[in-house]
Amino acid sequence: MRVAVTGGAGYIGSRLCEQLLASNHSVVCVDNLTHGIEPVLGLIDRPGFELHNLDILEPEVTKIIRSADAVIHLAGIVGYPNCNAQPDLAYKINVEGTNRIIDAGYDKIFVYASTGSVYGALDTVCTEQAQPNPISTYAIYKLLGEKELEGTDAVILRPATAFGISNRLRHDLLVNDFTRKACSGESMTLFEAHHKRTFLSVNDLSRAFVWAIEKHGVMKSQIWNIGDDSLNYTKLQICQAIQNKVPGWQVDSNDTLSHDQDGRNYAVDYSKIRSIGFTATESIEHGIEQLIKLYNNLK
């Protein structure tokens with residue numbers, strides 16, 4: 001199958017492109033290469049890989065998307081700090097750009113990367129039927145994309161927060177960031193220590209997008225939480241897991257102040273995706289071990 005991946009040189013996209021090629025799909029990678037070509041440099045000479053250095057706001061993207069059999073839409077300004085720092089650009093790319101990709105891929109197998117952040121702060125275990133409560137611009141824009149796809153055959157994925165090593169490194173993700181601080185000997189004050197988050201390795205998350213293409217007949221026209229119940233953790237539990245690997249890392253808790261604008265606090269139910277056979281293959285502990293190898297060599 002010829003699969004177009006927007007944001008294909010990003011943190012998730014670069015790993016996803018590798019997995020699609022390994023599954024004998026051809027890949028049309030669309031990315032503006034904001035973070036350089038290095039994340040996909042090893043794929044350039046691979047049979048079946050095609051790269052387009054384009055922003056999804058460019059009109060030429062429409063023709064490229066229409067040439068594919070399937071579309072996985074990842075591209076966007078990611079996370080609430082980046083959206084807040086560039087509000088006009090975030091709206092153009094995350095809303096207007098998403099609408100362009102949806103319009104171009106209306107008759108394709110379509111997979112949309114939403115986010116578990118749409119749940120915001122819910123005092124409940126979140127199934128796909130839970131009423132979203134987005135508390136950041138990033139999550140609001142992702143939810144607008146979901147609404148654009150209502151009534152279509154699209155697969156909408158709400159992934160857990162990713163962690164781990166990818167071709168395009170992200171140091172800002174919670175597990176990655178905390179592990180980096182531990183390895184550098186940087187003490188940390190932990191706010192909202194008992195707020196719950198849900199996590200998934202970037203490799204497992206990429207695998208879920210491949211599933212959504214290959215199991216489209218089962219997954220179409222539905223929203224799916226992507227993760228594993230075993231990876232629901234509080235922020236304090238993540239710190240403790242890191243301290244088990246990096247003894248002596250100093251973490252102080254301060255629960256008297258609100259610190260994180262995107263103060264997500266939720267646990268997610270993954271029984272739906274588990275019912276069709278998807279479970280995590282990488283634990284938090286394994287991810288932390290791999291990140292320690294990385295950060296100990298970046299000192």
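Coordinate-derived values only; no laboratory data. The structure displayed is predicted, hence computed values, not measured ones. Ideal geometry is used to build each Cβ from the backbone, glycine not excepted, and the neighbour counts take in all protein chains shown.
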(Q) Suppose we flag GluC sites (Glu not before Pro) only when DSSP calls them loop and at most 14 other Cβ atoms lie within 10 Å. Which is the longest uninterrupted stretch of the chain? (A) 1-149
Q: Please work out the Cα center distance from segment 111-181 to segment 1-61, rounded to the nearest Å.
A: 21
Q | (1) 70, 50, 43; (2) 83, 41, 32; (3) 54, 42, 40, with the label sought being that of the calculated Cα extents along the principal axes in Å | A | (3)
Q.
Using a Gaussian network model on the chain with a 10 Å cutoff between Cα atoms, which of 129, 19, 240 fluctuates the most?
A. 129
Q: Please figure out what share of the DSSP beta bridges in the chain is antiparallel and state it in percent, rounded to the nearest 5.
A: 10
Q | Relative contact order computed over the chain (Cα-Cα under 8 Å; 6+ residues apart), in percent | A | 20
Q) Reachable lysines from residue 181, Cα under 18 Å, same-chain residues fewer than 8 places away excluded? A) 235, 245, 293, 299
Q. Setting aside same-chain residues fewer than 8 positions from residue 215, which lysines have a Cα under 24 Å from its Cα?
A. 108, 142, 147, 272
Q.
I'm a student and want to see the number: the projected area of the Cα convex hull of segment 1-91, averaged over all directions, in nm².
A. 5.8
